[in-house]
1. How high is the relative contact order of the stretch 4-126, in percent, counting Cα pairs under 8 Å that sit 6 or more residues apart?
2. What FRET efficiency do you get for residue 142 and residue 83 if R0 is 22 Å and r is their Cβ-Cβ distance, rounded to the nearest 0.05?
3. Where does each of 97-104, 111-118, 77-84 land if you order them by average Cβ count within 10 Å, highest first?
4. Hey, fewest Cβ within 10 Å first, where do 153, 105 land in order?
5. Answer rounded, prolate or oblate for the stretch 4-126, using the Cα gyration tensor with square roots of eigenvalues a ≥ b ≥ c: rounded when a/c is under 1.5, else prolate when a/b is larger than b/c, else oblate.
6. How far is it, in nm, from the label point at residue 47 to the one at residue 2 when both lie 7 Å from their Cα along the line to the Cβ?
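Read-outs throughout are calculated quantities, based only on the coordinates presented, and are distinct from any laboratory measurement. Since this is a predicted model, take the numbers as computed values, not measurements. Cβ sites come from the backbone with ideal geometry, for glycine too, and all protein chains shown count toward neighbours.
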C-alpha cells in the first residue's frame, strides 16, 4: 500500500496527537510531527513528505515564515489551517505558495477525504472563505491579481501562455513534469480558472509586453484540452479538480 506522507506542523502537542491518531487509524497515511518552523524544514528535507498541514500561526513568524523556504521544486503540498482565519492571512498564504486552506473544525471524515483528494490534484479551500477569496482575486486588475502567484508559478504560467506543454515547461525550468502539473493545478485554483487555456489568456492580459520563449523553440502545437471544475462537498471544504494537460 502506498501511504500519503503527512507532516502535522502545530505548536500544540495535544492537537498534533489527535490528528496523528486519526490519520494512523486510517492506515493509508504515514505521519510525522513538527512544533515550529525549524522542525518543519528539517522534516520536509528528511522525509520528502507529500502534505504539510501547517498551522497558520506556527512559531516563529507563522506560516508565512515557512512557506517561502519550502523548496519550489518539491512535490510537497502545504495546506494551512487555523481555528480563526482572516481573509488577508489566507490570501497571503496562497500568495506565498500554500496549496489550500482548511478550518481546524473540519470533521474527521472530511479531513481524510481532503488529504486523499490532494493526490488527484484537488486543492482545498474552506467553503466560507472560497467566495471571498475568489471575489478579491477577480476584483483586482490582472497584473495585481498575478501577485497571488509565487515566482515559480509565474514562470510556469509564462511558458504555458506560449502554448508549451508540461514536458516542455519541465525541460525549460529543469524540474519534473509532476512538479509542473502541481504548479499548474495550484495556478488554476488560485486564479479560480477552469483550464490552462483561460490561464494562458489571463497571463497575456496581465503581461501583454512579455514574450517568453522556450529554448528548444517548441510552441506546443498539440491541442490543449480544457479543464473541468468538480465540487467536493465533504465536511466544511470545497475543492476543485484542475484539468492539466501533460
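1. On the way: 198 pairs, mean separation 26.5, N = 123.
That works out to 22 percent.
2. Values: r = 34 Å, r/R0 = 1.55.
Efficiency at R0 = 22 Å is approximately 0.05.
3. Those peptides, ordered most packed to least, come out 97-104, 77-84, 111-118.
4. Taking fewest neighbouring Cβ atoms as first place, the list is 105, 153.
5. Details: a/c = 1.24, a/b = 1.15, b/c = 1.08.
Judged from the Cα gyration tensor, the stretch 4-126 comes out rounded (a/c under 1.5).
6. 1.9
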